[in-house]
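Just so you know, all these numbers are worked out from the coordinates, no wet-lab data involved. Just so we're clear, the structure is a prediction, and the values are computed from it rather than from any experiment. FYI the Cβ positions are ideal-geometry reconstructions off the backbone, even for glycines, and counts take in every protein chain you see.
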Ligand code: CP3
């Protein structure tokens, strides 16, 4: 936004790729690029609880900056988590070291929905906006800043399971038992996400990514019913609001892990970028989405355990399959804590050598 006096952007390859324009080099960033594979992140984590880092703009910015100091990346993503929305809705979420997220009081039955506090939820997320605005200044225009959210179904899954789950069996039982309350919860989350994204754009986010990481637990039919309509609505409602306030639209990405079965449907709901997990073949994906969508992905995070030479060769093969137009290089899911630092260099630098 003009009134925030942000420094001009020097490397806009990410935004150009999103708009289908020519790029100087293929843009590359990595999901979870700020994370536990970086010793300097571990250092910060020793001192501070996970959500304290998210809630303290100076710490969130420091951690967001860490991968940019080491690697020649074309984007930054604000350090936060998808589970800040359930927190803003009144639920307690803890991050247990080595275990991941834990909700002491998950949603067990429909009457638990009454405990959620959607009014004013977005105001309780203002710290994310503060971190975004601070980060835009600290970046000095080096690369664009990405904001993000979890998608309604993925958030609902965590809120009912009370944490990660191998099967999502509680959330799936809820779907069967309480179809009306499912719709109610998915709509409540959709509205909250639209408010949250509007706030992120006003704070300075230059691209928005929606993580539907738990799409993999749904059948195609369920995905079309429980995910696609809400993703469509998030985009439509957000763009409406931005237009009404004369705010230029920002490109949007959908990452629906495990939903390679529904690429044409994902391409039909107005998002600029579809991020692919590593199971999807780039050539088939391009056929499915047509020429007017940007694809992002999709090296298997596990490939980063291979030697630098092998990583470079796999990266070249990947880029050749995607082609150089309307393409953003990334992994097919988040980088793992076990990944050697050299692997990131091999991946990022090889992408840049291809153009
Ligand atoms: O660098 C970045 O990408 C930005 C930061 C970011 C985090 N989480 C930080 C994080 C982003 C974009 C997320 C998104 C997120 N969070 C998703 C969607 C992406 C995906 O991986 O599918 C999901 C499902 C979550 C929920 C979540 N947060 C889980 C399941 C876990 C535990 C498992 C794991 O990978 O550690 C987290 C913890 C988390 N979020 C960490 C980080 C750096 C590690 C926790 C720690 O430091 O203790």
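So how far apart, in nm, are the two label points at residue 244 and residue 48 if each is 7 Å from Cα heading toward Cβ?
Roughly 3.5 nm, to one decimal.
Quick one: length gained pulling residue 10 to residue 268 fully straight, 0.36 nm per residue minus the C-alpha distance? Please report the intermediate quantities before stating the final value.
Values: separation 258, 0.36 × 258 = 92.88 nm, distance 3.18 nm.
My answer for the length gained is 89.7 nm.
Apply 1/(1 + (r/R0)^6) to the Cβ-Cβ distance of residue 21 and residue 341, taking R0 = 22 Å, and write down the FRET efficiency to the nearest 0.05.
Details: r = 32 Å, r/R0 = 1.46.
Calculated value: 0.10.
On alpha-carbon atoms, Rg over Rh for the stretch 249-317 using Kirkwood Rh?
1.03
Which residue, 99, 172, 324, tops the fluctuation ranking in a GNM of the chain built on C-alpha contacts under 10 Å?
99
Could you pull out which residues in the stretch 2-37 have an amide N less than 18 Å from a spot 7 Å beyond the Cα of residue 140, following the Cα-Cβ vector?
Hits in the stretch 2-37 for residue 140 at 18 Å: 5-12.
Which of 88, 329, 205 moves the most in a Gaussian network model of the chain with Cα springs under 10 Å?
Judging by the Gaussian network model, the answer is 88.
Which angle from 0 to 90°, rounded to the nearest 10, does the C-alpha axis of helix 126-139 make with the longest principal axis of the chain?
Helix 126-139 sits at roughly 10 degrees to that axis.
Based solely on C-alpha atoms, express the radius of gyration and the Dmax of the stretch 2-353 in angstrom.
According to the Cα coordinates of the stretch 2-353, Rg and Dmax are 19.2, 56 Å.
Counting DSSP beta bridges in the chain, what percent are antiparallel, to the nearest 5? Show your work: numbers first, answer last.
Values: 4 of 28 bridges.
Close to 15 percent.
If the stretch 231-355 were replaced by its equivalent ellipsoid, with semi-axes equal to the square roots of 5 times the Cα gyration tensor eigenvalues, what would those be, largest first, whole Å? Intermediate values should be presented prior to the final figure.
Values: eigenvalues 171, 48, 38 Å².
Three semi-axes, in Å: 29, 15, 14.
Less than 14 Å from a label point 7 Å out along the Cα-to-Cβ axis of residue 69: which backbone N atoms in the stretch 33-52 qualify, by residue?
Output list for this probe position: 34-35, 38-45.
In percent, what relative contact order does the chain have, based on Cα pairs under 8 Å that are 6 or more apart in sequence?
Numbers: 641 pairs, mean separation 78.6, N = 355.
After rounding, I find 22 percent.
Suppose the chain between residue 284 and residue 105 were pulled fully straight at 0.36 nm per residue; how much longer would it get relative to their current alpha carbon spacing?
Stretched out fully, the residue 284 to residue 105 stretch lengthens by 60.2 nm.
Over 19 Å apart: what share of the alpha carbon pairs of the stretch 127-263 falls there, rounded to a whole percent? The partial results should precede the final answer.
Values: 4928 of 9316 pairs.
Across the stretch 127-263, Cα pairs with separations above 19 Å total 53 percent.
Test of understanding: express the Cα radius of gyration of the stretch 63-119 as a ratio to 2.2 N^0.38 Å, with N the residue count. If you can, show how the numbers build up before the last one.
Values: Rg = 16.2 Å, N = 57, 2.2 N^0.38 = 10.2 Å.
Scaled against compact globular proteins, the figure is 1.58.
Using a 10 angstrom cutoff on alpha carbons, build the Gaussian network for the chain and name the most mobile of 264, 173, 121.
Of the options given, 173 has the highest mean-square fluctuation.
Helix 341-353 versus the longest principal axis of the chain: what angle, 0 to 90°, nearest 10, using Cα atoms?
Once rounded, the angle reads 60 degrees.
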